[in-house]
Amino acid sequence: MGTPAKVLAPGELRRVQKRAACGRFGLRNQVMVLLSFKAGLRACEIAGLNWTMVLDPSGRVAASLMISSTIAKNGKARRVPMHPELRSTLEQLRRRHGRVREGPVVRSQRGGAMTPRSVVNWFKGLYDDVGFSGCSSHSGRRTFITLSARLVSRAGGSLRDVQELAGHRDLSTTQRYIEGDRDAQRKLVGMM
């Protein structure tokens, strides 16, 4: 295993979001960033996400994403609660596409689904544009998992909940994604 993807600080994420919003495909690009940072999706899941996995039975953007086994790594389906900012941006994207009910959420410039490789390359270009090194398409997922682990006790949950959100079979896999925080460690020891 190589060097893990960089976990972004809130200010860095804002810079990424601002850059992603630029240009002709700004709304689509914002959705891609939010799927990575606010839902923890992998590049293959972003590429494979279909509107049927996003909409509820009445055709509205649902309260959670249903990551089907057909797009999830190792065929492990999962449900991820929808972050409000992601939900709002998905609603805008859906309106722009004429309230579609099926088909790819993230479309290429030609209108078809993006490939996982094109999603990986798109994120690389985005991070290059903002001058961030050590980042990859996995940075959003790693940031999502790290922040989830830091906040889970405040929500009354456990690392098992983070593991399920990430779609990992083993908690040891989830552990490898979580970046430590020296300041939090000092505070923790000081509280004892």
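The values are calculated or read from the model by the stated rules, or taken from the named source; none is laboratory data. Remember, predicted model here, so these are calculated numbers, not experimental data. Note: ideal-geometry Cβ built from the backbone for every residue, glycine included; neighbour counts use all protein chains shown.
Per-structure values
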{"read-out": "Any chance residue 64 is within 22 Å of residue 177 (Cβ to Cβ) and free of Cβ contacts under 8 Å to residues at least 40 places away in the same chain", "value": "yes"}
{"read-out": "Enumeration of residues in segment 82-112 that are surrounded by 13 or more Cβ atoms within 10 Å (Cβ to Cβ) and over 17 Å from residue 17 (Cα atoms)", "value": "82, 91, 94, 97, 100, 103, 104, 105, 107, 108"}
{"read-out": "Matching option when the condition is under 21 Å from residue 165 (Cα atoms) and among the basic types (Lys, Arg), among 78, 14", "value": "78"}
{"read-out": "Close pairs (7 angstrom Cβ cut-off, 6 or more residues apart or separate chains): farther than 17 Å from residue 111 by Cβ in segment 24-39, at pLDDT 95 or above and acidic (Asp, Glu) anywhere", "value": "34/85; 38/85"}
{"read-out": "Helices (runs of 4 or more DSSP H) within segment 76-151 that include 1 or more residues of a type outside the set (A, V, I, L, M, F, W, C) and within 30 Å of residue 2 (Cα to Cα)", "value": "116-130, 139-151"}
{"read-out": "Pairs where the first residue, in segment 71-88, is over 26 Å from residue 27 (Cβ atoms) and the second is surrounded by 14 or more Cβ atoms within 10 Å (Cβ to Cβ) and of a type in the set (S, T, N, Q), C-beta under 8 Å, 6+ apart", "value": "77/68"}
{"read-out": "Qualifying residue in segment 167-182 (condition: buried (at least 20 other Cβ atoms within 10 Å of the Cβ) and not in a helix (DSSP H, G or I))", "value": "yes"}
{"read-out": "Condition check for residue 20: surrounded by 15 or more Cβ atoms within 10 Å (Cβ to Cβ), over 22 Å from residue 166 (Cβ atoms) and of a type in the set (A, V, I, L, M, F, W, C)", "value": "yes"}
{"read-out": "Tally, over segment 1-52, of residues that are of a type outside the set (Lys, Arg) and assigned to a helix (DSSP H, G or I)", "value": "26"}
